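One structure below.
Each reported figure results from applying straightforward, stated rules to the coordinates on display, with no laboratory input. What you are looking at is a predicted structure, and each value in this text was computed from that prediction instead of being measured. All Cβ positions, glycine included, derive from the backbone under ideal geometry; neighbour counts span all protein chains shown.
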């Protein structure tokens with residue numbers, strides 16, 4: 001695996017792979033990699049001949065009181081994990097390489113609809129930052145396909161809409177969430193949890209599963225379900241940011257006819273904000 005830092009070098013390497021008839025897969029990340037990221041790389045390796053990963057902690061998607069400065073950046077450990085997963089090229093640009101004229105006057109991409117509410121309400125401007133950098137990275141790498149994790153479900157919906165609306169010639173693949181044995185979704189931010197907080201964290205996924213069971217059992221009073229779920233999270237020591245049930249594809253509020261649903265949650269453990277989601281297909285047996 002080679003590591004490159006400039007757009008020019010990256011484009012030259014990808015052009016060389018294409019000249020050899022290879023298809024290009026892409027996995028954008030912010031580093032601090034774990035087994036969930038490895039699963040994304042492995043899916044790309046299955047689908048493409050030449051796999052590019054990027055590590056870029058994007059300032060544009062962090063709010064003024066968020067953890068940009070303290071976000072972990074273990075590059076050497078990340079390189080080892082990417083190599084083990086089968087990655088061919090790591091693109092690790094500086095902020096100056098991605099935003100050579102600074103971010104103040106940077107053209108920004110905004111995806112309406114799916115970016116609103118949920119994390120979009122809690123983190124104003126976050127999805128504009130995500131959409132902008134993903135659009136830039138897709139244009140820099142120009143892959144045939146790109147893999148994103150379903151743990152960031154709203155982000156995946158935003159990226160699908162971005163690619164569709166701007167007619168970008170790339171296939172977007174969503175990879176199921178990778179979890180620890182106790183159900184907690186793998187996340188770089190789990191490293192912020194104390195031992196006591198880590199012990200409480202699986203309550204997040206347990207709550208989603210109980211709500212899914214209730215939906216499959218025929219419960220349709222969503223406000224009642226949400227209230228019960230928030231109470232359960234509070235009892236477990238988590239502070240809910242949001243807990244919502246949406247139509248799975250559009251992220252709009254569901255109607256009685258919708259069978260494809262997604263339960264989405266964000267909650268704080270101390271200062272650490274965790275997110276998770278669970279797809280619910282009411283047409284399939286639970």
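Miscellaneous remarks
- For 246, 198, order by how many other beta-carbon atoms lie within 10 Å, fewest first: 198, 246
- The Cα atoms of segment 13-83 cover 46, 23, 19 Å along the three principal axes, with the biggest extent listed first.
- Compared with the dominant principal axis of the Cα atoms in the chain, helix 75-85 is inclined by about 80°.
- Cα Rg, Dmax (largest Cα-Cα span) when computed across segment 117-271, Å: 16.9, 47
- Placing pseudo-labels 7 Å out from each Cα toward the beta carbon at residue 104 and residue 219 gives an inter-label distance of 5.2 nm.
- The chain: angle of helix 7-19 to the longest principal axis, Cα-based, in degrees nearest 10: 80 degrees
- The simple Förster model, with R0 at 30 Å and r as the Cβ-Cβ distance, assigns residue 171 and residue 9 a FRET efficiency of 0.75.
- The alpha-carbon atoms of segment 46-106, seen along their principal axes, cover 38, 23, 19 angstrom, with the largest extent given first.
- Here volume of the Cα convex hull per residue in Å³ was calculated from the structure, and among (1) 154; (2) 169; (3) 137 it sits at label (3).
- Shape of segment 208-286 from the C-alpha gyration tensor: prolate (a/c of 1.5 or more and a/b above b/c, with a ≥ b ≥ c the square roots of its eigenvalues).
- Annotation: the residues 119, 207, sorted from fewest to most other C-beta atoms within 10 Å of their own C-beta, follow the order 119, 207.
- In this simple spin-label model, placing a label point 7 Å from the Cα along the Cα-to-Cβ direction at both residue 2 and residue 284 gives a separation of 4.1 nm.
- Only Cα pairs under 8 Å and 6+ residues apart enter the sum, and on that basis the relative contact order of segment 89-191 stands at 23 percent.
- Per residue, the average separation of C-alpha pairs within less than 8 Å and at least 6 apart gives the chain a relative contact order of 17 percent.
- Helix 203-216 vs. the chain, principal-axis angle (Cα, 0 to 90°, nearest 10): 60 degrees
- Of the residues 76, 111, the one with the fewest other Cβ atoms within 10 Å heads the list, and the complete ranking is 76, 111.
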